[in-house]
Amino acid sequence: MNLNEALKTRKGQLIAVCILLVISQIFLFLTLGKSFLKNIPNAEKIAKAQKELDRQKKEYEKYAAEKRKMAAVKKQYHELAANSWITSHDGGVETTLRRRIGDIAAAMQFRLNSIGAVRTGRVNTEFYYAEIDINGSGDIADVINLLAALRKIKPVLSWRRLDLRPDYRFRRNTGVGSSNLATRLEIPPTRLNFNGALRVLCYDGPLSVRALNITRPSLIQLDREADARRRQIPMHKAAPDTKEVKK
């Protein structure tokens, strides 16, 4: 049986098709095999890829650390600004701070010798400080209570300078003229003189009160409420005469 006769049979056709398939596979392997083999990773390619992966991992860790650092700085900035004096929320520091200190002393019936004018100075383009001098004298307990009350002002005031000294003008002697040294001992003074400079950090940067999420009471509102209470005049009605007229 020759080739032509074999191809006419079904078996011969199947054999021819298989031969053609094998030839096409060999052709494809010869033409595409080189580029395919290049893409198969070897030990050198794996080591190079691992090195690049390690480099990318270090870059990511460095970026993540910088991002955390920037987030921490941003948080500190927000907290510092929110705890600072802001004119739109707390009023003008030159007038409100002085009045606030005077109101607290008056409410405690503590007479300050003097309250200075408010001075301001720049820290940077967004923060500045306000400073005021005060001095007075009183019983030790009253002075301590006043200092504690000033500490409660929000935004928090800090002492840049504070000097506390005994007030010897009210010192008492016992046994004056006595020959006994023990009876001539002086009683320690119970009054203090104090003077110092209070300072508060102020913020006039781009962030608004809402952006800073400030939750402390507004000093402007507190001053308005205090003024309203001072303007109120108590009305005393005359008591009715309950005495009966004797007949």
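The values are calculated or read from the model by the stated rules, or taken from the named source; none is laboratory data. The structure presented is a predicted model; accordingly, all values stated were derived computationally and were not measured. Backbone-built Cβ (ideal geometry, glycine too); neighbour counts: all protein chains shown. For the accessible areas, the whole protein counts, side chains as well, though only heavy atoms, and no ligand, DNA or RNA atoms are used. Shrake-Rupley method; radii C 1.70, N 1.55, O 1.52, S 1.80 Å.
Ranked by the mean number of other Cβ atoms within 10 Å per residue, highest first, peptides 67-75, 143-151 order as 143-151, 67-75. Taking K and R as +1 and D and E as -1, what net charge do the other residues with C-beta under 15 Å from the C-beta of E126 add up to? Taking every other residue near E126 into account, the sum is 0. With a cut-off of 13 Å between beta carbons, the residues surrounding K58 carry a summed charge of -1, where Lys and Arg count +1 and Asp and Glu -1. In order along segment 141-149, the phi-based Karplus estimate (6.51 cos²θ - 1.76 cosθ + 1.60, θ = phi - 60°) of 3J(HN,Hα) comes to 5, 5, 5, 4, 5, 5, 4, 5, 5 Hz; Gly and Pro are listed as x.
Among the protein heavy atoms, those of I220 account for about 50 Å² of accessible surface (1.4 Å probe, every chain in place). Rank L157, L112, A141 by how far each Cα sits towards the positive end of the charge dipole of segment 103-167 (+1 on Lys, Arg Cβ; -1 on Asp, Glu Cβ) and give me just the farthest. The listed residue farthest towards the positive side: L157.
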